[in-house]
Amino acid sequence: MTRPAAPLRLCPLPGNGPLAARLAAALATDAAPAAVAPVTVRRFPDGESYVRLDADVRGADVALVCTLDRPDDKLLPLLFLADAAADLGARSVGLVAPYLAYLRQDRRFLPGEDVTSRVVARLLSGAVGWLATVDPHLHRVRDLGALYAIPHRVLHAGPLIAAWIGAHVDAPLLVGPDEESAQWVAAVSAACGGAPWLVMRKARRGDRDVAVTLPDALPPDRARTPVLVDDIVSTGHTLAEAARLLVAAGYPPPLVVGVHAVFAPGAAEALARAGVARVVTVDTIPHPTNGITVDALLADAVRALRGA
Ligand code: R5P
């Protein structure tokens, strides 16, 4: 039986207001209005978090909107707001997190470490009823459902990246900086009509210390523009090392297309020093390099998941 239409309330955590407004505009229908419901998030003088829902959410489907870069400051307010919404009578509470954090520590690399991907997934799965996210960093754990025990949509920016490359680069050579990136590079190549691609090998020795190596056989056509494709630009060192090798091998200055513009301090400078000609990112995290939007994908996901 179809459930009656409920209003949709998009509650943006700080920094997520523009995305919530765009989603509200995309999702409003005559039968079920959609609107941004403002929230207050601040710190008490003692450092604890204060949150308040500044709108009536009784009977509404609530979508908390919070991309999760720099997650440690965001997670507690998010859990509190989810609790407040449910307690104040929301029909359902979900989460739009275009960037989902804490997925890289998906195993115990050194004795004594915590597998933080599991803890964060447990916390969020206990707080919200559904989740929409974009290209989560799934490496050793291949299926988000193995971590998140709630209805979810995993959206893929690959086709949008392929369209951007098709419109902006004449003869691309797609390059993944490490074996993990093969999944994105292969998908982008397929969507680009089979552009040639290669994947490098990476060994991470520390947070800002990676060793990247080129494959033995390189495509002979050095006139192609290398386009480095990766999911996360954090310190930028992975992509910077990869760019340096491509320039040294005689290719033109590479472009970088990243999904999640985390950009730790110094990342932009590292990429520029390595000879990267241009960086373009998907707008899962607001950043000056954003050039590809996932708004439509997120709106479709909210449409499908709301009420879950
Ligand atoms: C690898 O695990 C990811 O796909 C990225 O390559 C990595 O997160 C990039 O990190 P950074 O920019 O710090 O080298």
- Message: Kindly evaluate residue 224 against the criterion of being of a type in the set (D, E, K, R), more than 10 Å from the ligand (Cβ to nearest atom), touching a strand residue (DSSP E or B) at 6+ places or on another chain (Cβ under 9 Å) and touching a residue at least 40 places away in the same chain (Cβ under 8 Å).
- Response: yes
- When you look at residue 17, is it modelled with pLDDT of 95 or more and more than 18 Å from residue 129 (Cβ to Cβ), yes or no? yes
- Message: For the range 6-38, which positions are in contact with an Asp or Glu (Cβ under 6 Å, 6 or more places away or on another chain) and within 15 Å of residue 77 (Cβ to Cβ)?
- Response: 38
- Task: Name the single residue, out of those in the range 138-178 being within 16 Å of the ligand (Cβ to nearest atom) and touching a strand residue (DSSP E or B) at 6+ places or on another chain (Cβ under 6 Å), that is nearest to residue 284 (Cα to Cα).
- Result: 157
- Of the conditions (1) aliphatic (A, V, I, L, M); (2) more than 20 Å from residue 166 (Cβ to Cβ); (3) within 16 Å of the ligand (Cβ to nearest atom), residue 217 fails just one. Which one is it? (3)
- Query: When the range 199-213 is examined, which residues are found to be surrounded by 12 or more Cβ atoms within 10 Å (Cβ to Cβ) and more than 9 Å from the ligand (Cβ to nearest atom)?
  - Reply: 199, 200, 201, 212, 213
- Item | Entirely in the range 132-203, the strands (runs of 3 or more DSSP E) that have 1 or more residues that are without any contact (Cβ under 8 Å) to a residue 24 or more places away in the chain, under 30 Å from residue 92 (Cα atoms) and within 20 Å of the chain's Cα centre (by Cα) | 152-155
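Condition check: over 30 Å from residue 7 (Cβ atoms) and not in a helix (DSSP H, G or I). Does residue 275 satisfy that?
It is true that residue 275 is over 30 Å from residue 7 (Cβ atoms) and not in a helix (DSSP H, G or I).
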- Query: Do any residues in the range 234-250 that are outside any helix (DSSP H, G or I) have Cβ atoms under 6 Å from those of residues that are within 12 Å of the ligand (Cβ to nearest atom), where the two are at least six apart or on different chains, and which pairs are they?
  - Reply: 234/262; 234/264; 235/208; 235/264; 235/267; 236/267; 236/270; 236/271
- Selected residue (criterion: farthest from the ligand (Cβ to nearest atom)) from residues of the range 239-260 that are surrounded by fewer than 24 Cβ atoms within 10 Å (Cβ to Cβ) and within 16 Å of residue 280 (Cα to Cα): 253
- Check the range 266-282 and report whether any residue there is within 15 Å of the chain's Cα centre (by Cα) and closer than 14 Å to residue 132 by Cβ. no
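The values are calculated or read from the model by the stated rules, or taken from the named source; none is laboratory data. Since this is a predicted model, take the numbers as computed values, not measurements. Every residue, glycine among them, receives a Cβ derived from its backbone with ideal geometry; neighbour counts consider all protein chains shown.
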